[in-house]
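Engineer: Quick one: structure below, then a few questions.
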Amino acid sequence: MYFTEDHEVFRQSFRDFLQKEVIPHIEKWEKTGTIERFIWSKFGEMGYFGLNQSEKYGGLNLDLFYTVIFLEELQKVNSCGFAAAMWAHSYLAMTHLAKEGSEQIKEKYLTASINGEKIGALCITEPFCGSDVAGMKTTAVKKGDKYIINGSKTFITNGIYADYLIVAAKTNLEEKHSGISIFVVDNNLKGISSTKLNKLGWRASDTAEIAFDNVEISAENLMGEEGKGFSYIMQHFALERLVMGVNAHARAEYALNYAIQYMNEREAFGKTINRFQALRHKVAEMASKVDMCKEYNYSITKRLNEGVYVVKEASMSKLLSTKMADEVIYNALQLLGGYGYIEDYPLARLLRDSRLGPIGGGTSEILKEIIAKMLIDGKDYKPAVK
Ligand SMILES: Cc1cc2nc3c(=O)[nH]c(=O)nc-3n(C[C@H](O)[C@H](O)[C@H](O)COP(=O)(O)OP(=O)(O)OC[C@H]3O[C@@H](n4cnc5c(N)ncnc54)[C@H](O)[C@@H]3O)c2cc1C
């Protein structure tokens with residue numbers, strides 16, 4: 001229903017690329033917490049960072065089902081940290097560049113992001129302020145033709161190795177939502193310092209706390225209009241949350257398929273464990289849940305691709321798909337018995353990595369708030385930019 005022959009050709013070639021260029025390095029990147037620069041260039045050369053971007057900046061301008069394939073296949077390399085580094089660059093940072101960046105910004109940053117020369121990070125969360133985005137404290141004060149940024153951000157994916165940061169900061173401290181603006185900031189400027197955070201999972205990806213101490217940027221680095229940052233952030237959450245929903249169904253499917261294969265080979269009590277009804281029913285239940293989420297996510301992708309503003313649906317997608325993924329991966333690990341707990345088998349890492357699903361990019365509690373406001377209070381969200 002959703003994928004053409006061309007999509008499938010792309011899936012196979014991307015899968016082959018990952019097998020050859022990425023999978024041999026995953027263990028090293030998981031251990032060092034550093035994704036080597038060469039792979040960013042290779043992704044750029046192959047056009048993978050520009051799937052949904054305009055041809056004017058070197059993108060391929062393809063429909064969103066290519067993005068779905070990109071995300072699904074990335075989950076199957078079994079390093080959500082590596083996958084996150086790639087999609088946070090191309091679907092968090094670059095979405096802001098493409099939608100709010102001036103022509104000058106796009107020429108300087110978007111083109112280089114698509115070809116893999118520059119890595120981006122999106123900086124919204126602060127140490128004392130995560131879910132309550134409007135309560136952020138980082139400031140950008142205008143002085144002549146400059147803005148001076150002070151404050152700090154935390155949990156920033158690609159925060160240390162990124163070349164540029166998309167930073168949300170208050171340009172008007174008196175205002176809450178309408179006081180936030182978005183800037184593109186070179187990550188090597190005087191006054192920026194970063195600390196790498198140690199995490200439960202997503203170990204290949206770099207996650208940083210970043211301090212801004214009187215960081216001076218040109219006023220031309222403002223993205224879009226002053227005071228509209230909150231609306232931009234909320235608007236792009238529709239795509240970002242769908243990205244996280246798709247990631248979730250893909251890693252759950254990966255875990256399920258691995259467990260089925262294991263059950264076909266592992267023996268207990270003189271037969272393969274895939275003969276035990278208790279386990280067969282467990283698999284049937286897991287597969288049904290994966291499929292329900294997957295089909296729902298595809299149907300929203302179709303609507304988003306057609307320009308429908310799917311705020312509620314994307315929130316529902318992330319809410320239920322991430323919950324389902326945690327549950328399916330937990331149960332898949334159980335099907336492996338003791339081997340499930342051993343790092344040489346893929347599900348131990350996947351269990352750790354998956355746990356971020358209901359937290360990052362809007363916690364499940366916040367998503368429920370959004371859905372409830374829309375359903376019960378009749379709240380309507382409108383896109384800030386076309
Ligand atoms: C590995 C990792 C990568 C990340 N990458 C990025 C990134 O690239 N860029 C970025 O900006 N951020 C990033 N984040 C941050 C992430 O989006 C936040 O952690 C998340 O939004 C929650 O914010 P918080 O951690 O401050 O939790 P808090 O907001 O302090 O929430 C704590 C708890 O209270 C609950 N809660 C809060 N408010 C309400 C409410 N109104 N009703 C009910 N419950 C509530 C929350 O759901 C949560 O359970 C990342 C986080 C991690 C761990």
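The values are calculated or read from the model by the stated rules, or taken from the named source; none is laboratory data. The structure presented is a predicted model; accordingly, all values stated were derived computationally and were not measured. We place every Cβ from the backbone using ideal geometry, glycine too, and count neighbours over all the protein chains shown. Remember, those area values only see protein heavy atoms, side chains included, never the ligands or the DNA or RNA. Shrake-Rupley method; radii C 1.70, N 1.55, O 1.52, S 1.80 Å.
Engineer: Which fully enclosed helices (runs of 4 or more DSSP H) of the range 65-118 have 3 or more residues being within 20 Å of His249 (Cβ to Cβ) and within 13 Å of the ligand (Cβ to nearest atom)?
Structural biologist: Helices (runs of 4 or more DSSP H) meeting the threshold: 80-87.
Engineer: Go through (1) at pLDDT 95 or above; (2) among the β-branched types (Val, Ile, Thr); (3) open to solvent by 10 Å² or more (accessible area, probe 1.4 Å) and name the single condition Ile329 misses.
Structural biologist: Unmet condition: (3).
Engineer: I need the full set of residues from the range 317-358 which are within 23 Å of Tyr66 (Cβ to Cβ) and more than 16 Å from the ligand (Cβ to nearest atom), in order please.
Structural biologist: Residues satisfying the conditions are Ser317, Ser321.
Engineer: To continue, here is another question. Determine if the range 172-185 includes at least one residue that is in contact with a helix residue (DSSP H, G or I) (Cβ under 7 Å, 6 or more places away or on another chain), in a loop (DSSP other than H, G, I, E, B) and not polar (S, T, N, Q).
Structural biologist: Within the range 172-185, one or more residues are in contact with a helix residue (DSSP H, G or I) (Cβ under 7 Å, 6 or more places away or on another chain), in a loop (DSSP other than H, G, I, E, B) and not polar (S, T, N, Q).
Engineer: What residue, of Lys28, Lys20, is open to solvent by 70 Å² or more (accessible area, probe 1.4 Å), at pLDDT 95 or above, out of contact with any helix residue (DSSP H, G or I) (no Cβ under 7 Å at 6 or more places or on another chain) and within 20 Å of Trp202 (Cβ to Cβ)? Break it down into steps so the answer makes sense when it comes.
Structural biologist: Working: Lys20 fails: within 20 Å of Trp202 (Cβ to Cβ).
Criteria check complete, one pass: Lys28.
Engineer: On to the next question. Name the pairs: first residue in the range 8-31 and farther than 17 Å from Asp344 by Cβ, second residue open to solvent by 30 Å² or more (accessible area, probe 1.4 Å) and in a helix (DSSP H, G or I), Cβ to Cβ under 6 Å, at least 6 apart or on different chains?
Structural biologist: Glu21/Lys42
Engineer: Can you name every residue in the range 363-373 that is open to solvent by less than 40 Å² (accessible area, probe 1.4 Å) and more than 6 Å from the ligand (Cβ to nearest atom)?
Structural biologist: Result: Ser364, Leu367, Ile370, Ile371, Ala372.
Engineer: Taking the conditions exactly as written (free of Cβ contacts under 8 Å to residues at least 40 places away in the same chain, open to solvent by 70 Å² or more (accessible area, probe 1.4 Å) and of a type in the set (Ser, Thr, Tyr)), does Tyr341 satisfy them or not? Spell out how you get there, then give the answer.
Structural biologist: Working: free of Cβ contacts under 8 Å to residues at least 40 places away in the same chain: yes; open to solvent by 70 Å² or more (accessible area, probe 1.4 Å): yes; of a type in the set (Ser, Thr, Tyr): yes.
When the stated conditions are applied, Tyr341 passes them.
Engineer: Specify the residue that is farthest from the ligand (Cβ to nearest atom); the eligible residues are those in the range 218-229 that are in a strand (DSSP E or B) and surrounded by 19 or more Cβ atoms within 10 Å (Cβ to Cβ).
Structural biologist: First pass over the range 218-229, keeping only residues in a strand (DSSP E or B): 218, 222-223.
Next, only the ones that are surrounded by 19 or more Cβ atoms within 10 Å (Cβ to Cβ) stay: 222-223.
On the way: Leu222: 19, Met223: 15 Å.
Across the range 218-229, the extreme among qualifying residues is Leu222.
Engineer: Next question. Under 8 Å by Cβ, and 6 or more places apart or on different chains, what pairs join a residue from the range 116-141 that is within 14 Å of Gly362 (Cα to Cα) with one that is of a type in the set (Asp, Glu) and surrounded by fewer than 18 Cβ atoms within 10 Å (Cβ to Cβ)?
Structural biologist: Every condition considered, the pairs that remain are Ser131/Glu365.
Engineer: Within the range 183-214, how many residues turn out to be out of contact with any strand residue (DSSP E or B) (no Cβ under 8 Å at 6 or more places or on another chain), open to solvent by 50 Å² or more (accessible area, probe 1.4 Å) and within 14 Å of the ligand (Cβ to nearest atom)?
Structural biologist: Counting residues in the range 183-214 that are out of contact with any strand residue (DSSP E or B) (no Cβ under 8 Å at 6 or more places or on another chain), open to solvent by 50 Å² or more (accessible area, probe 1.4 Å) and within 14 Å of the ligand (Cβ to nearest atom) gives 3.
Engineer: Right, next: Any idea how many residues of the range 79-91 are open to solvent by less than 10 Å² (accessible area, probe 1.4 Å) and touching a helix residue (DSSP H, G or I) at 6+ places or on another chain (Cβ under 8 Å)?
Structural biologist: Total meeting the criteria: 9.
Engineer: Let me ask something else. Go through the residues of the range 243-259 one by one and say whether even a single one is of a type outside the set (A, V, I, L, M, F, W, C), free of Cβ contacts under 8 Å to residues at least 40 places away in the same chain and away from the ligand (no atom under 16 Å from the Cβ).
Structural biologist: Checked against the condition, which is being of a type outside the set (A, V, I, L, M, F, W, C), free of Cβ contacts under 8 Å to residues at least 40 places away in the same chain and away from the ligand (no atom under 16 Å from the Cβ), the range 243-259 yields at least one hit.
Engineer: Tell me the residue from Ile233, Ile260 that is open to solvent by 30 Å² or more (accessible area, probe 1.4 Å), in contact with a helix residue (DSSP H, G or I) (Cβ under 7 Å, 6 or more places away or on another chain) and β-branched (Val, Ile, Thr), please.
Structural biologist: Only one candidate qualifies: Ile260.
Engineer: Within the range 119-158, can you find the residues that are more than 16 Å from Gly229 (Cβ to Cβ), of a type in the set (Ser, Thr, Tyr) and away from the ligand (no atom under 13 Å from the Cβ)?
Structural biologist: none
Engineer: Follow-up question, since we're still on this one. Looking only at residues that are over 30 Å from Lys42 (Cβ atoms) and hydroxyl-bearing (Ser, Thr, Tyr) in the range 116-153, which one is most open to solvent (accessible area, probe 1.4 Å)?
Structural biologist: Step one: of the range 116-153, the residues over 30 Å from Lys42 (Cβ atoms) are 126-152.
Filter again for hydroxyl-bearing (Ser, Thr, Tyr), leaving 131, 138-139, 147, 152.
Numbers: Ser131: 71, Thr138: 1, Thr139: 26, Tyr147: 4, Ser152: 36 Å².
The qualifying residue most open to solvent (accessible area, probe 1.4 Å) is Ser131.
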